[in-house]
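Q: First the structure, which I've put down as structure tokens, then a few questions once you've had a look.
The values are calculated or read from the model by the stated rules, or taken from the named source; none is laboratory data. Being a predicted model, the structure only gives us computed values, none of them experimental. Neighbour counts run over all protein chains shown; Cβ positions are idealised from the backbone, glycine included. SASA here: full protein model, heavy atoms, side chains in, ligands and nucleic acids out. Shrake-Rupley method; radii C 1.70, N 1.55, O 1.52, S 1.80 Å.
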Amino acid sequence: MEQSLNKMLQEELRLYQYQVRELEENLSTVNEKSEEKAENLLEDIERLRKIVGQVQVTGPGIEISLEDSDYLPNGANPNDYIVHEGHIQQVVQELYVAGAEAIAVNGYRLRHSSFIQCIGPVISVDGNISSAPFIITAIGDADHLEAALTLHGGVQHQLINDEVTVRIQKKTNILLDSYLTEG
């Protein structure tokens with residue numbers, strides 16, 4: 001039932017995207033006086049498509065790996081030594097605040113209404129189940145994104161204090177598919 005509803009909504013979204021593309025083509029044929037306005041509008045539309053995950057995005061950025069702790073003291077609660085959705089949300093929120101253009105968790109592209117939920121030792125990203133290690137990929141200014149995460153007392157330090165293993169790596173070229181990529 002949910003899959004058929006999702007499929008129907010995806011088809012409806014594709015139809016609307018097609019209609020928007022037709023309107024864009026019509027905009028590009030306006031007179032010279034309006035050409036600059038149309039160009040600015042088209043740039044804004046493309047930027048917004050990136051933000052909401054409608055189009056594939058490529059560029060430099062960073063990759064953050066969050067892993068469960070290797071160390072579990074005798075008698076300790078194992079839940080205190082694994083990555084939870086709150087940890088992932090902390091990283092994602094910090095990346096957005098730092099100016100990330102696009103973000104994915106274990107390959108699942110996030111959008112403004114994405115939902116990350118803990119289900120025992122795994123997480124669900126918009127209904128897609130993933131297990132550790134959790135790889136968060138972000139496109140944007142790699143130096144700026146890394147600096148935001150590694151501030152003294154910031155997100156990285158909080159994660160380490162929560163017994164989460166954190167690795168941050170700059171990447172020169174990252175490719176993130178659109179939100180509605182068919183698999």
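Q: With the condition kept exactly as written, say whether any residue in the stretch 124-136 is over 24 Å from TYR81 (Cβ atoms) and among the aromatic types (Phe, Trp, Tyr).
A: no
Q: Considering only the stretch 99-117, how many residues are farther than 17 Å from SER65 by Cα and open to solvent by less than 70 Å² (accessible area, probe 1.4 Å)?
A: 3
Q: Filter the stretch 72-81 down to the residues that are in a helix (DSSP H, G or I) and surrounded by 12 or more Cβ atoms within 10 Å (Cβ to Cβ), then identify the one that is modelled with the highest pLDDT.
A: For the stretch 72-81, the residue satisfying everything is TYR81.
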